[in-house]
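Undergrad: Pasting a structure here, questions to come.
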Amino acid sequence: MKQSTGLPHAARAGLAAIILALMTGVFGHIAAAQDAPPSEAARKPIEPKKPDYSPYPDQHFPDRVLWGVAHVHTGSSFNAGMFGITLTPDDLFKVARGGEVVMDNGQRIKEDRPLDWVSITDHAEYMGIADEIRAGSPDLLANPQGKRWYEMSKTSPQEGVKGCGNHP
């Protein structure tokens, strides 16, 4: 006697027909989609949407760092001169380019590498008066305030600097 396979012959045949219909329908659509030429919209590359919040995404900005000093005084500025600084603009530019100078106290100064730029920002008020004080200018000594600054500067740089806050 023949053993049963679980499903009657008719049920197996019907199931096979359903599977065949599904496979033909599903795979038929896939095959048809693969065989058809792409539409105009499908051939056009998708362009990413540019954000509308910033006007600069395509601009290029400098990325090279330049090293320098934005605020330095020479001995011509009253406050630096009263500290005893005697450096000139030429001295500061020499240091900025990598050269060496000797300060008024004998200390040598030199940058470990040249700077790209330097901005000398001497004060316009009382410009050069520190040189006159150091030189003991007779015209300056004839003025009571000038004489006072002269005497303060001869005591010590710290005492001379106190004169910076007492100018008229």
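The values are calculated or read from the model by the stated rules, or taken from the named source; none is laboratory data. Just so it is clear, the structure is predicted and the values come from calculations on it, not from any experiment. With ideal geometry, Cβ positions are generated from the backbone for all residues, glycine too; neighbour counts draw on all protein chains shown.
Undergrad: Run V118 past the list (1) exposed (fewer than 11 other Cβ atoms within 10 Å of the Cβ); (2) outside any helix (DSSP H, G or I); (3) at pLDDT 90 or above and report the number of the one that doesn't hold.
TA: Status for V118: all satisfied but (1).
Every residue, every condition in (1) over 16 Å from H123 (Cβ atoms); (2) modelled with pLDDT of 90 or more; (3) in a loop (DSSP other than H, G, I, E, B), yes or no:
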position	(1), (2), (3)
P38	yes, no, yes
A41	yes, no, no
S54	yes, no, yes
F61	yes, no, yes
A70	no, yes, no
N79	no, no, no
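Undergrad: Would you tally the residues in segment 91-109 being assigned to a helix (DSSP H, G or I) and under 16 Å from G81 (Cα atoms)?
TA: 2
Undergrad: Continuing with the same structure: Does any residue of segment 121-144 turn out to be in contact with a strand residue (DSSP E or B) (Cβ under 6 Å, 6 or more places away or on another chain) and at pLDDT 90 or above?
TA: So far as segment 121-144 goes, yes, one or more of its residues are in contact with a strand residue (DSSP E or B) (Cβ under 6 Å, 6 or more places away or on another chain) and at pLDDT 90 or above.
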